[in-house]
Amino acid sequence: MEIYQIAFIGLWLILTTIVLQAMIMVGAHRAQKDYKVGKIDPDLGQESFFFRSHRAFWNSLENIIPFFGMSIIAILSGYSSFKLGIVVWIYAISRIIHMLLYYYIATEKNPSPRSYFYGFGLLATLYLIVDLGIFLIF
């Protein structure tokens, strides 16, 4: 398992980022003027930091499931630790930049700068799905 140390540290960073996103989202939610537990004003939009932090957090939850699952399968199957380390760090850095851009850019424009980093993370996931599948089959 030591050969996967770089991948493990990257996966730790990804999961830690999601926990921090949750804490930031909860803080932003509670800072709202009309705060109600579990209630989100449907009229909120990109101008609201709470809206953006909520969307960034949920976007991360939606995207971590396939990536994390593929990473675990890769480790358990003996997939290249070098390749996995690179893919994990591309994903981790992409998701952190995506989160920061989501926090700091309030825009309805699509694609926005954060879309590109979402795309890099998605490409890392797709690469891992395909390359791991080839590794497992052949």
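The values are calculated or read from the model by the stated rules, or taken from the named source; none is laboratory data. Computed from a predicted model, the values in this text were never measured in an experiment. Glycine also receives a Cβ, built like all others from the backbone with ideal geometry; neighbour counts cover every protein chain displayed. Each accessible area value is taken on the protein alone, full model and side chains, heavy atoms only, with ligands, DNA and RNA left out. Shrake-Rupley method; radii C 1.70, N 1.55, O 1.52, S 1.80 Å.
Just from its helices, what would the mean residue ellipticity at 222 nm be for the chain, if runs of 4 or more DSSP H residues each count -39500 (n - 2.57) and the sum is divided by every residue, rounded to the nearest 500 deg cm²/dmol?
-27000 deg cm²/dmol, from helical runs alone.
Quick one: net charge of residue 25's neighbours, Cβ under 11 Å, K/R +1, D/E -1?
With Lys, Arg at +1 and Asp, Glu at -1, the neighbours total +3.
Determine the sum of side-chain charges near residue 68: Lys and Arg each +1, Asp and Glu each -1, restricted to other residues whose C-beta is under 15 angstrom from that of residue 68.
Residues near residue 68 contribute 0 overall.
For the chain, modelled as a Gaussian network with Cα springs under 10 Å, which listed residue fluctuates most, 84, 15, 76?
76
Could you please state how large a percent of the accessible area of the chain is carbon and sulfur, counting protein chains only and using a 1.4 Å probe?
71 percent
May I ask you to list the GluC sites (Glu not before Pro) in segment 1-104 that are in a DSSP loop and have at most 11 other Cβ atoms within 10 Å of their Cβ?
47
State the volume of the convex hull built on the alpha-carbon positions of segment 1-69, expressed per residue in Å³ and rounded to an integer.
Roughly 99 Å³ of hull volume per residue.
So which trypsin sites (Lys or Arg not before Pro) in segment 69-138 are both in a DSSP loop and have at most 13 other Cβ atoms within 10 Å of their Cβ?
Hits after loop and neighbour filter: 109.
Translational diffusion coefficient, Stokes-Einstein: compute it for segment 61-138 using the Kirkwood radius over C-alpha pairs as Rh, at 37 °C and 0.692 mPa s, and state it as an integer in µm² s⁻¹.
Result for D is 248 µm²/s.
Show me the three semi-axes of the equivalent ellipsoid for the chain, from the C-alpha gyration tensor (sqrt of 5 times each eigenvalue), largest first, rounded to whole Å.
33, 15, 12
Mind pulling the angle between the C-alpha long axis of helix 113-137 and the longest principal axis of the chain? Nearest 10 degrees, somewhere in 0 to 90.
30 degrees
Counting other C-beta atoms within 10 Å, and keeping those with at most 16, which DSSP coil chymotrypsin sites (Phe, Trp or Tyr not before Pro) do you find in segment 39-72?
Loop-located and lightly packed - none at all.
Could you derive backbone 3J(HN,Hα) for segment 95-104 from the dihedral phi with the Karplus parameters 6.51, -1.76 and 1.60 (θ = phi - 60°), listing whole Hz in sequence and x where the residue is Gly or Pro?
Whole-Hz 3J(HN,Hα) from phi for segment 95-104: 5, 5, 5, 4, 4, 4, 5, 4, 5, 9.
State in Å² the accessible area per residue of the chain; use a 1.4 Å probe, count heavy atoms of protein chains only, and round to the nearest integer.
Roughly 60 Å² per residue, with all protein chains present.
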